[in-house]
Amino acid sequence: MTDRELLDRAAEAMRRSYSPYSRFPVGAAIECADGAVFTGCNIENSALGATMCAEAAAVACAVSAGNRNFTRIAIISEGADYCYPCGGCRQILNEFAPELEVLCARGDGRYVSYRLSAFLPMPFSAQ
Ligand code: THU
């Protein structure tokens, strides 16, 4: 799958976002080593702290389906800036794929790509 196809899957998920409080829809699509793709959108709650990020939703879908061998994730919002993963999502992604390729897109579809280790250089480990 091309970067653009993975970004399109993320954009499709973004359109299903439930974000009445922030009005900031986010979509994510995570690709697995076997080619499977799982998507997620942000799901807000009136108790704001109970909000789930798009990346966390995508990881939850993938892991629940038995797939945690991740190779690439695409993240998109409608914003003017590239949609980088929040701190908590960096940690969630690091749990499974410290060298994950992360595509961060903005509303006009342009994107940048980094390794997760660039976003989270000194991850917590309980080892
Ligand atoms: N959000 C995500 O879905 N992913 C992130 O990495 C950062 C933030 C969502 C949470 C909330 O619904 C909205 O963006 C505004 O913070």
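The values are calculated or read from the model by the stated rules, or taken from the named source; none is laboratory data. All figures in this text were calculated on a predicted structure; none of them were measured in a lab. A quick note on method: Cβ atoms are made from the backbone with ideal geometry, for glycine too, and the neighbour counts reach across all protein chains shown. To get the accessible areas, we keep the full protein, side chains included, count just its heavy atoms, and leave off ligands, DNA and RNA. Shrake-Rupley method; radii C 1.70, N 1.55, O 1.52, S 1.80 Å.
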Next item on the list: Would you mind checking which residues have amide H under 5 Å from Thr51's amide H? H placed 1.01 Å from N; only 5 or more apart, or other chain.
Entry: Asn45
Notebook entry, point to check: Based on Cβ point charges of +1 for Lys and Arg and -1 for Asp and Glu, what charge dipole magnitude is obtained for the chain about its Cα centre, in debye rounded to the nearest 20?
Noted result: 160
Notebook entry, point to check: For region 3-119, what Kirkwood radius comes out of the mean inverse Cα-Cα distance, in Å?
Noted result: 13.7
Checklist line | Most positive-pole-ward Cα, Tyr84, Asn69, Gly40, against dipole of region 39-127 from beta carbon charges | finding: Asn69
Next item on the list: For the chain, set up a Gaussian network in which alpha carbons nearer than 10 Å are linked by springs, and say which option among Leu116, Leu93, Leu48 fluctuates the most.
Entry: Leu48
Checklist line | Carbon and sulfur %, accessible surface of region 3-119 computed with the full protein complex present, 1.4 Å | finding: 50
